[in-house]
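To start, the structure under review is shown below, and the notes come after it.
Every read-out reported here was derived from the displayed coordinates using simple, explicitly stated rules and does not represent laboratory data. In this text, all values refer to a predicted model and were calculated from it rather than measured experimentally. Here the Cβ positions follow ideal geometry from the backbone for every residue, glycine too, while neighbour counts run over all protein chains shown.
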Amino acid sequence: MKVGVVSYGTYIPIYRIKVEEIARIWGENAEAIKGGLGIYQKSVPDVDEDTATISVEAAREAVYRANINPKDIGAIYVGSESHPYAVKPTATIVGEALGVGNDFFSADLEFACKAGTAGMQMCIGFVRSGMIKYGLAIGADTSQSKPGDALEYSAAAGGAAFIIGKNPIAEVEETYSFTSDTPDFWRRELQPYPSHGGRFTGLPAYFRHVTSAAQGLMDKMGLKASDFDYAVFHQPNAKFPVRVAKMLGFTNEQIKQGLLVPYIGNTYSGASILGFAAILDVAKPGDRILLVSFGSGAGSDAFSIVVTDAIENFERNPTVWDKVNQGVFIDYGEYLKHRDKIRM
Amino acid sequence: MLPRFWRKIKYRYDLVGSYCENCQSFFYPPRNLCPHCRRRSKIKEIPFDGKGRVLSYTVVHDAPEEYKEEKPYVVALIELENGVRVISQLVCDPEEVEIGMEVKKAFRKYGEDGNSGIIYYGTKFVPDN
Ligand SMILES: [Zn+2]
């Protein structure tokens, strides 16, 4: 019995700010930053958007495309590091807005940028065990950065929602996770902005966990990089996923379709799964996809996913790239207003 | 404020309205009784599709304190595909709005009770491109 992605939906706020505009304010060299990060611009939420609104919009698209009764959803997990409330789950707001009823398993998840894929794994377990018919896993963020911090060039907003069930458009063949206690990036309770270990975030954190999860999955399945048609990795910038792909033996051709970060920035919990959704937009039956998320702290979830014949009758418009390519550019002043960094 | 908002959450979070099976009329906000059929009303609660067009609009420049961040903003009279008319904030550039413009529902923040209070969510409209 095949279990996997029955439907998916995505949401990317329409506002964008260019690296040049942020660099202008802080007197930094925009070309050097673009060269270093491989990011040209990032998405910015509207003043009335947050992780809950992004989650609802992405989930509504997923439910609409699945053409299922929302009451058949038996679990909702929302993964984010920017839940609107410290105490009061985003998943309750999503459940109410979708009309799921009251009969569902639910929690908010938090594991930096991999909380969305953690939710997918939980839903896969529930569906395989027969406890629920459909599970809804969402990864969404409106990530915060301290004005003037290096993260300001990348911290963006967006999210993706996946309905997990039987008769999928993309079967999850296998999943594998790699987890360790690594303090590369954190935010203490009541602090508005996260702290990070600077250059320490690369090798012991991102690269070790992503390669270990991907390799662990491939070893478990007896697969190699060339057995996959597409691969998508967590993308805090454009440099890391390109380098990690190379380390694992993947080509630029395999990762191109899912590499969104140059045009929308790092959407944190949304990053790897928005890229995965962009791949599903164009994938054909039989295509095999490697999805690897990364969450600071740290851990990586790897998935091997095979697209089924059911994708051919599945509505995939508007595509993720349609949403990436739209955009209304704003200046730094408007950006501060949008990010609620000024108090009125 | 809190109990009153909570009781109406279902109708604010989505366009859940009512339909009279006797005369095929739609209503939003939902009603318990059809004004045409009275005692013969056969009211059913249903979610509306959420697509419509702008019949009329106004641009608010003099906003109340809690909506200052959003001004100037557009408030529009919108006719849904089922004929129901709703008044809602239309999230778009005031320069962009025009009569006849196609719009769709969107889940957005209405506001919040300061930094420690509750956050209010609900349905607004956005351009349907
Ligand atoms: Zn009637």
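Build a GNM of chain B with springs between Cα atoms under 10 Å: which of B:G83, B:G117, B:G50 gets the top mean-square fluctuation?
Among B:G83, B:G117, B:G50, the largest GNM mean-square fluctuation belongs to B:G117.
Note the direction-averaged projected area, equal to a quarter of the hull surface, for the Cα convex hull of region A:81-166, in nm².
For region A:81-166, the mean projected area of the Cα convex hull comes to 6.3 nm².
Treating only the Cβ of Lys, Arg, Asp and Glu as charged (+1, +1, -1, -1), what charge dipole size does chain A show about its Cα centre? Round to the nearest 20 debye.
Around 480 debye, computed over chain A.
As an exercise, use a Förster radius of 56 Å and the Cβ-Cβ distance of B:N22 and A:Y85 to find the FRET efficiency, rounded to the nearest 0.05.
In this case the efficiency is close to 0.85.
Using a 7 Å offset from the Cα along the Cα-to-Cβ direction at both B:E98 and B:Y110, what is the distance between the two label points in nm, to one decimal?
Rounded to a tenth, the inter-label distance reads 3.2 nm.
Let me understand the protein assembly as shown better: what is its radius of gyration from the alpha carbons, and its Dmax, in angstrom?
Cα-based Rg and Dmax for the protein assembly as shown come out at 22.4, 73 Å.
Please find the FRET efficiency linking B:S56 to A:E312, where r is the Cβ-Cβ separation and R0 is fixed at 56 Å, and quote it to the nearest 0.05.
Efficiency computed from Cβ-Cβ geometry: 0.80.
Using the basic label-point model (7 angstrom from Cα toward the beta carbon), what is the A:D72 to A:V282 distance in nanometres?
The answer from the label model is 3.1 nm.
With a 4.7 Å Cβ cut-off, tell me which Cys residues in the protein assembly as shown come up empty for a partner.
Cysteines lacking a close Cβ partner in the protein assembly as shown: A:C113, A:C123, B:C23, B:C92.
Using the count of nearby Cβ atoms within 10 Å as a rough guide to exposure, how do A:I33, A:I39 rank from fewest to most?
Going from least to most buried by this count: A:I33, A:I39.
Once all Cα-Cα distances of region A:170-311 are split into 10 Å bins that start at 0, what whole-number percent is in each one?
Answer for region A:170-311: a P(r) of 12, 44, 32, 10, 2 percent.
I need A:K246, A:K239 ordered by Cβ neighbour count within 10 Å, fewest first.
Fewest-to-most Cβ neighbours within 10 Å comes out as A:K246, A:K239.
Computed FRET efficiency, Cβ-Cβ of A:N102 and A:N167, R0 45 Å: what is it to the nearest 0.05?
Given R0 = 45 Å and the Cβ-Cβ separation, E is 0.95.
Based on DSSP H runs of at least 4 residues, each adding -39500 (n - 2.57), what is the mean residue ellipticity at 222 nm of chain A after dividing by all its residues, to the nearest 500 deg cm²/dmol?
Helix-only estimate at 222 nm: -9000 deg cm²/dmol.
Can you give the local net charge around A:V19? Use residues other than it whose beta-carbon is closer than 15 angstrom to its beta-carbon, Lys and Arg +1, Asp and Glu -1.
Computed value for this residue: -1.
Beyond 17 Å, what share of the Cα-Cα pairs of region A:104-240 is found? Please give it as a whole percent.
Distances greater than 17 Å cover 68 percent of the Cα pairs.
Any idea which of A:S55, A:A310, A:F178 is furthest toward the positive side of the dipole for chain A, if Lys and Arg beta-carbons carry +1 and Asp and Glu beta-carbons -1?
Final value for the positive-end residue is A:F178.
What is the mean number of Cβ atoms from other protein chains located within 10 Å of the Cβ atom of each residue in peptide A:42-52, rounded to a whole number?
Partner Cβ neighbours, averaged per residue: 4.
Could you state the number of Å between the C-alpha centres of region A:167-217 and region B:1-58?
46 Å
If you take the Cα Rg of region A:26-81 and divide it by 2.2 N^0.38 Å, with N the number of residues, what do you get?
Cα-based Rg divided by the globular estimate yields 1.78.
To the nearest Å, what is the center-to-center distance of region A:1-65 and region A:71-100, using C-alpha atoms only?
20 Å
With charges only on Cβ, +1 for K and R and -1 for D and E, what is the dipole size of region A:238-312 about its Cα centre, in debye, rounded to 20?
The dipole magnitude comes to about 400 debye.
Could you grab the Rg to Rh ratio for chain B? Cα atoms only, Kirkwood for Rh.
1.01
List A:Y268, B:Y67, B:Y57 from most exposed to least, where exposure is judged by having the fewest other Cβ atoms within 10 Å.
The order, fewest Cβ neighbours first, is B:Y67, B:Y57, A:Y268.
Students often get this wrong: which residues of region A:114-132 have the backbone nitrogen under 19 Å from the point 7 angstrom along Cα-to-C-beta of A:K220?
Answer for this model: A:114-130.
GNM on chain A, C-alpha springs below 10 Å: top fluctuator among A:V244, A:V328, A:V56?
Highest fluctuation among the options: A:V328.
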